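Asker: Here's a structure for you.
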């Protein structure tokens with residue numbers, strides 16, 4: 001019975017990883033084609049559907065960690081996925097005024113290359129029991145450049161969205177109301193920006209440690 005569940009787990013995770021890999025491949029394809037043919041102003045509209053699919057599908061990774069399907073700690077997965085969902089739905093989808101900025105292009109290129117490598121890496125491991133050494137190196141090395149460009153784009157887009165958030169008052173809850181509760185999305189966005197200050201170096205340091213551990217293990221094998 002244990003062997004059956006192990007096989008079922010691998011089958012499910014293989015399908016999941018390769019499906020999301022395809023989604024991010026579509027994002028990168030649409031970004032590059034649109035960038036070449038009509039400029040960065042149209043990148044978001046071209047890539048929106050696969051972006052919303054691929055990024056939202058990452059919610060399942062939190063569940064995978066919670067139920068023990070994968071060994072990745074939820075404490076590391078949650079903030080990374082949470083911040084990307086916030087950018088995807090809470091900024092780009094919610095405030096169209098941000099979509100034609102050049103930072104959208106740098107964001108989607110950084111995200112998509114990172115995720116294409118990551119999901120193919122895990123797809124190989126689940127489907128075949130191993131990942132090629134070159135893919136292992138890419139998995140734990142490309143973030144050295146793509147993480148800073150991605151984070152910078154995220155912070156920049158939140159900052160750019162601030163005046164539109166304030167003017168629209170979207171997602172705000174004003175008193176009086178039956179819950180006796182108020183919420184201002186503008187100040188919430190400022191808090192999110194503040195979290196990036198300690199959060200980004202912490203995540204980068206964590207990934208550097210993971211890189212050292214993974215590459216050292218690969219050399220020993």
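Since every read-out is calculated from the coordinates, none of them should be taken as a lab result. This structure is a prediction, so every number in the text was calculated from the model and none was measured. Cβ sites come from the backbone with ideal geometry, for glycine too, and all protein chains shown count toward neighbours.
Asker: Tell me, in nm to one decimal, what length is gained between residue 80 and residue 142 on full extension, where the rule is 0.36 nm per residue of separation less the Cα-Cα distance?
Answerer: Working: separation 62, 0.36 × 62 = 22.32 nm, distance 1.65 nm.
That works out to 20.7 nm of additional length.
Asker: Over all distinct Cα pairs, what is the inverse of the mean 1/r for the chain, reported as the Kirkwood hydrodynamic radius in Å? Working shown, then result.
Answerer: Numbers: mean 1/r = 0.0528 Å⁻¹.
Hydrodynamic radius (Kirkwood, Cα pairs) of the chain is 18.9 Å.
Asker: Order these peptides, 105-118, 75-88, 129-142, by their mean beta-carbon neighbour count within 10 angstrom, highest first.
Answerer: On the way: 105-118: 22.4, 75-88: 16.6, 129-142: 14.9.
Highest to lowest by the protection proxy: 105-118, 75-88, 129-142.
Asker: Within the stretch 87-112, name every residue whose backbone N is under 18 Å away from a label modeled 7 Å from Cα of residue 211 along the Cβ vector.
Answerer: In the stretch 87-112, the label zone of residue 211 (backbone N under 18 Å from the point 7 Å along Cα→Cβ) covers 110-112.
Asker: For a Förster distance of 30 Å, can you work out the FRET efficiency between the beta-carbons of residue 11 and residue 160, rounded to the nearest 0.05?
Answerer: Working: r = 43 Å, r/R0 = 1.42.
Efficiency, rounded to the nearest 0.05: 0.10.
Asker: Would you mind ranking 207, 175 by Cβ crowding within 10 Å, fewest neighbours first? Intermediate values should be presented prior to the final figure.
Answerer: Values: 207 16, 175 9.
Lowest count first: 175, 207.
Asker: Could I ask something else about it? With everything on Cα atoms, drop me the angle between helix 2-37 and the longest principal axis of the chain, reported from 0 to 90° to the nearest 10.
Answerer: 50
Asker: Before rounding to the nearest 500, sum -39500 (n - 2.57) across all DSSP H runs of length at least 4 in the chain and divide by the residue total; then give [θ] at 222 nm in deg cm²/dmol.
Answerer: Numbers: 8 runs with 168 residues, N = 221.
Estimated from H runs of four or more residues: -26500 deg cm²/dmol.
Asker: Next question, about the same structure. Inverting the mean 1/r over all pairs of different Cα atoms, compute the Kirkwood radius of the stretch 1-123 and quote it in Å.
Answerer: Numbers: mean 1/r = 0.0654 Å⁻¹.
Hydrodynamic radius (Kirkwood, Cα only) of the stretch 1-123 equals 15.3 Å.
Asker: So how far apart, in nm, are the two label points at residue 187 and residue 41 if each is 7 Å from Cα heading toward Cβ?
Answerer: 3.7
Asker: Any idea how far apart residue 174 and residue 102 come out in nm if each label point goes 7 Å out from Cα toward Cβ?
Answerer: It works out to 3.8 nm between the two label points.
Asker: Hey, if you drop one equal point scatterer on each alpha-carbon of the stretch 182-221 and run the Debye formula without solvent, what base-10 log of I(q)/I(0) do you get at q = 0.15, 0.28, 0.36 Å⁻¹?
Answerer: Cα-only, vacuum Debye calculation for the stretch 182-221: -0.53, -0.85, -1.02.
Asker: Can you give me the angle between helix 102-128 and the longest principal axis of the chain, using Cα atoms only, in degrees from 0 to 90, rounded to the nearest 10?
Answerer: Between the helix axis and the principal axis of the chain, the angle is about 30 degrees.
Asker: Right, here's the next one. Restricted to Cα positions, what overall size does the stretch 84-146 have along the principal axes? Three whole-Å values, descending.
Answerer: Computed over the stretch 84-146, the largest-to-smallest principal extents equal 44, 22, 13 Å.
Asker: Follow-up. To the nearest 10 degrees, how steep is helix 43-57 against the longest Cα principal axis of the chain, on a 0 to 90 scale?
Answerer: 60
Asker: Now, a different point. Could you grab the relative contact order for the stretch 32-153? Cα pairs under 8 Å, six or more apart, rounded to a whole percent. Spell out each step's value before the answer.
Answerer: On the way: 78 pairs, mean separation 31.8, N = 122.
For the stretch 32-153, the relative contact order is 26 percent.
Asker: While we're looking at this one, here's another question. Between 99, 71, 211, find the one with the highest GNM mean-square fluctuation for the chain; connect C-alpha pairs within less than 10 Å.
Answerer: Maximum fluctuation in the GNM of the chain, among the listed residues, is at 71.
Asker: Treat each spin label as a single point 7 Å out from the Cα along the C-beta direction, and report the residue 22 to residue 202 distance in nm.
Answerer: In this crude label model, residue 22 to residue 202 measures out at 3.7 nm.
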